[in-house]
Amino acid sequence: MIQLLNWLGKRFLLSYPGELVALGASALSCLFHPPANRKSEFSQLVSRTYLTGVEAIPLVVFVALIIGTVTIVQAVSVMPKIGAGDYFGSVMVVVVIREMGPLFTAFLIAGRTGSALSTFLGNMKVQQEIDALRVMGINPTRYLIYPALMGTMIAMFGLTVLFNLTSILGGYFVVRSLAGIIPQFADLELSLGLFLERIFSSMSLVDGLLAIAKPVFFGMVISLISCYHGITVGNDTRQVPDATNRAVVNSFVFTIVFDLLFAVPLLRNLDIPL
Amino acid sequence: MNIVLSANNLCYSIGSHKVLDRVNFYLPAGESLFVCGSSGQGKSTLLRLLAGLEKPDMGVVRIFDQDIQEIAPKRFDQLKTKLGFVFQNSALISHKTVWENVALPLIYHNLESADQIKETVDNTLEMLLIKQYQNLYPSSLSLGIQKRAAIARAIVTRPQLIMMDEPTIGLDRISRGVLLALISNIIHVNHVAMIIVTHDLFAARELKSKIGVLKDGELLEPMEFEQLHDSQDTFVAQLFNELQLH
């Protein structure tokens, strides 16, 4: 039995998910070992968070506004017609805060930061820059992967909060401002107070926890996958685009799979036998 | 005799191809050794093994009397502050300026205060005659300046041992001459031990270094340029022919 577990453990560590877990464990272990130069490492972290988070704000706001507007229009116009008008708040919470916010932000970060990170590290590998760090006694995991991991996790959380706020509030104001131009929107009778009250009254502790856990976890998954594909590039420049491609696609797939896993415990609330 | 670098029975294979076969040598403090050989003889591989970038199939590498395979990774990282390495392609960090590249090991290891780092880096850049390029990124530099920047980065921590991979390759005559003068200065003034892998036998003669030839994976006994030139070994003669020294 022990031999079987040993064999399974070794097989897992050699597999793709196993190598991702090992890379993540190695990067997160840096949290418990203080760097020689805290100031330098902090500035690396700030720089990575800025690149991932602050520079992505316009894109996230733009997408969030469109998603928020579409969701609000659909919810406000369709739901009363099928007798589900009272569930408007719940729908907004489930659709935007639980699902669309973390998922769309993760997709944007995977496409933008994930691809950049993978290309950046892949090029460094091909140009022997990572070897150069190693011969200087600079641990590449500590110097490159740890700040990327932490920066992406922090940025993902911040951007998801921004996405949720923008899609809910921004979407509401877009719909209101369009009411004067598009006649159908004029029929939407919903004050801001009632709109927010319905949303906040539908929020639970689970929603709050998910709003924190999901983006942070997705950020970790995206950065680890992107870093892994970057640092496992060989010595050939032609491998860099392939690595970037795999990093983005795998980030999308893993994010969706983990989104499903996050949803499984919530199915209990629907009284579905599992 | 203070030995800073030694290799004992070093073997390395890629698949079934034996790249290095029982390589033995030692390098005393303050001395230099050139490792020459035709393309594909494993010169760069030898250097990567010595720096701990690859693991040998067999054999021991000792740096400052420490077996680099037995030493703890953190201790080895600290040891590397006494070791400089210059890659064939310079391998400067592309998103950092020349100044930032040179300052990197000092900053990461927190070896000096910020003021001292500035002074040390400025002095090193001046010594290598590249102070005017300090704010430029590697992609905008010529090959010769990139090599000098890489050497600056390798010597900024005042190492006792430097490894160089083809430092003169691709350089024009003037840049090569400047670079060799700077390397000579580092060896003879700073008393740094240096192992240089190169095709450039002339460079070894100019720096008055011993030369070890890699032949079929084995490192022949290091000797002076003149001794090597007079060698009866057909492989060595062929190497000289290749280099058009005759």
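The values are calculated or read from the model by the stated rules, or taken from the named source; none is laboratory data. Everything numeric here is computed off the predicted structure, so don't read it as measured data. All Cβ positions, even for glycine, are placed from backbone atoms using ideal geometry, and neighbour counts span all protein chains on display. SASA here: full protein model, heavy atoms, side chains in, ligands and nucleic acids out. Shrake-Rupley method; radii C 1.70, N 1.55, O 1.52, S 1.80 Å.
What FRET efficiency, computed as 1/(1 + (r/R0)^6) with R0 = 30 Å and r the Cβ-Cβ distance, is obtained for residue B:227 and residue B:14, rounded to the nearest 0.05? List each step's numbers first, then the result.
Numbers: r = 32 Å, r/R0 = 1.06.
Between residue B:227 and residue B:14 the formula returns 0.40.
Once you order the gyration tensor axes a ≥ b ≥ c over the Cα atoms, which shape class does region A:1-92 get: rounded for a/c under 1.5, otherwise prolate or oblate by comparing a/b with b/c?
On the way: a/c = 3.93, a/b = 1.58, b/c = 2.49.
Verdict is oblate for region A:1-92.
Charges at C-beta only: +1 for Lys and Arg, -1 for Asp and Glu. How large is the resulting dipole of chain A about its Cα centre, in Debye rounded to 20? Can you show the working numbers first?
Values: 17 positive and 15 negative charges, 127 e Å.
For this selection, approximately 620 debye.
In a GNM of chain B with a 10 Å cut-off on Cα contacts, which of B:150, B:72, B:203 has the highest mean-square fluctuation?
Among B:150, B:72, B:203, the largest GNM mean-square fluctuation belongs to B:72.
Just to be sure I understand: if you take the accessible area of chain A alone plus chain B alone and subtract the pair, with a 1.4 Å probe, what total do you get in Å², rounded to 100?
Details: alone 14910 and 12200 Å², together 25110 Å².
That pair of chains buries around 2000 Å² in total.
Taking the Cα centre of region A:1-59 as origin and charging only Cβ (+1 Lys, Arg; -1 Asp, Glu), how large is the dipole, in debye to the nearest 20?
Numbers: 5 positive and 3 negative charges, 31 e Å.
It works out to roughly 140 debye.
Select from B:117, B:107, B:187 the residue whose mean-square fluctuation is largest in a Gaussian network model of chain B (Cα-Cα springs shorter than 10 Å).
Result for chain B, Cα springs under 10 Å: B:107 fluctuates most.
Regarding chain A, what are the three Cα extents along the principal axes, ordered largest first, in Å?
68, 49, 36 Å, listed from the longest principal axis down.
What percent does the relative contact order of chain B come to when contacts are Cα pairs within less than 8 Å and at least six residues apart?
Details: 430 pairs, mean separation 67.2, N = 246.
Rounded, it is 27 percent for chain B.
So what is the 222 nm mean residue ellipticity for chain A from helices alone, if each DSSP H run of at least 4 adds -39500 (n - 2.57) and you divide by all residues, rounding to the nearest 500 deg cm²/dmol?
Values: 13 runs with 187 residues, N = 274.
Result for chain A: -22000 deg cm²/dmol, rounded to the nearest 500.
What fraction of the Cα pairs in the protein assembly as shown, stated in percent, has a spacing above 29 angstrom?
Values: 82442 of 134940 pairs.
When every Cα pair of the protein assembly as shown is considered, 61 percent fall beyond 29 Å.
Hey, what do the phi angles of region A:231-241 turn into as Karplus ³J(HN,Hα) couplings, whole Hz, using 6.51/-1.76/1.60 and θ = phi - 60°, x for Gly and Pro?
Calculated HN-Hα couplings, in order: 7, 9, 5, x, 9, 10, 4, 5, 7, 5, x Hz.
Per DSSP H run of at least 4 residues, take -39500 (n - 2.57); add these up for chain B, divide by its residues and hand me the 222 nm value, nearest 500 deg cm²/dmol.
Details: 9 runs with 91 residues, N = 246.
After summing the helix terms and dividing by residue count, I get -11000 deg cm²/dmol.
How high is the relative contact order of region A:67-183, in percent, counting Cα pairs under 8 Å that sit 6 or more residues apart? Walk me through the numbers on the way to the answer.
On the way: 56 pairs, mean separation 59.5, N = 117.
Once normalised by length, the contact order is 51 percent.
Straight-line reach from residue A:125: which lysines fall under 28 Å, measuring Cα to Cα and dropping same-chain residues less than 8 apart?
Partners found: A:10, A:39, B:18, B:43, B:55, B:74, B:80, B:82, B:96, B:131, B:147.
Considering only DSSP beta bridges with both partners in the protein assembly as shown, what is the antiparallel share in %, to the nearest 5?
Numbers: 18 of 35 bridges.
Bridges in the protein assembly as shown that DSSP calls antiparallel: roughly 50 percent.
What does the C-alpha gyration tensor say about the overall shape of region B:135-191? Classify as rounded when a/c is under 1.5, otherwise prolate if a/b is larger than b/c, or oblate.
oblate
For region B:101-107, what does the Karplus curve 6.51 cos²θ - 1.76 cosθ + 1.60, with θ = phi - 60°, yield as ³J(HN,Hα) per residue in whole Hz, taken in order and with x for Gly and Pro?
4, 5, 6, 3, x, 5, 5
Let me know the shape class of region A:160-255, please: from the alpha-carbon gyration tensor, a ≥ b ≥ c as square roots of the eigenvalues, rounded when a/c is under 1.5, otherwise prolate if a/b is greater than b/c, or oblate. Don't skip to the end; give the middle numbers.
Details: a/c = 5.27, a/b = 2.16, b/c = 2.44.
The shape class here is oblate.
Bins of 10 Å, beginning at zero and ending with the bin holding the largest distance: percent of Cα pairs per bin for region A:96-211, please.
Going out from 0 Å in 10 Å bins, region A:96-211 shows 11, 28, 23, 17, 11, 7, 2 percent.
Considering just Cα atoms, how many Å³ per residue does the convex hull of region B:10-103 enclose? Walk me through the intermediate numbers first.
On the way: hull volume 13.6 nm³, N = 94.
Measuring per residue, one finds 145 Å³ for the Cα hull of region B:10-103.
For region B:1-88, with the dipole built from +1 on Lys and Arg beta-carbon atoms and -1 on Asp and Glu ones, taken about the Cα centre, which of B:29, B:44, B:56 lies farthest toward the positive end?
Highest projection toward the positive end goes to B:44.
How compact and how long is region B:61-110, expressed as Rg and Dmax of its alpha-carbon atoms in Å?
According to the Cα coordinates of region B:61-110, Rg and Dmax are 13.1, 36 Å.
Run the reach check for residue A:214 against lysines, Cα to Cα strictly under 25 Å, same-chain hits fewer than 8 apart removed. What comes back?
Here the lysines satisfying the reach criterion relative to residue A:214 do not exist.
Summing +1 for each Lys or Arg and -1 for each Asp or Glu, what net charge is found among the other residues whose Cβ lies under 10 Å from the Cβ of residue B:105? Write down the numbers at each step before the final one.
Details: positive: B:80, B:153; negative: none.
Neighbourhood net charge equals +2.
Using the reciprocal of the averaged 1/r over all distinct C-alpha pairs, how large is the Kirkwood radius of chain B in Å? Don't jump to the answer; show the numbers that get you there.
Details: mean 1/r = 0.0539 Å⁻¹.
Kirkwood radius, chain B: 18.6 Å.
Using the Kirkwood formula over every pair of different C-alpha atoms, what hydrodynamic radius in Å results for region B:181-246? Kindly include the intermediate steps, with their values, before the conclusion.
On the way: mean 1/r = 0.0786 Å⁻¹.
Every distinct Cα pair counted, the radius reaches 12.7 Å.
Give me the accessible area per residue for the protein assembly as shown, probe 1.4 Å, as a whole number in Å².
Details: 25110 Å² over 520 residues.
Per residue, the protein assembly as shown has an accessible area of 48 Å².
First compute the accessible area of the protein assembly as shown with a 1.4 Å probe, then give the percent of it belonging to carbon and sulfur atoms. Intermediate values should be presented prior to the final figure.
Details: 14920 of 25110 Å².
Carbon and sulfur: 59 percent of the exposed surface of the protein assembly as shown.
Using the Cα centre of the protein assembly as shown as the reference point, and only Cβ charges (+1 on K/R, -1 on D/E), how large is the resulting charge dipole? Debye, rounded to the nearest 20.
Numbers: 40 positive and 42 negative charges, 126 e Å.
Charge dipole, the protein assembly as shown, about its Cα centre: 600 debye, nearest 20.
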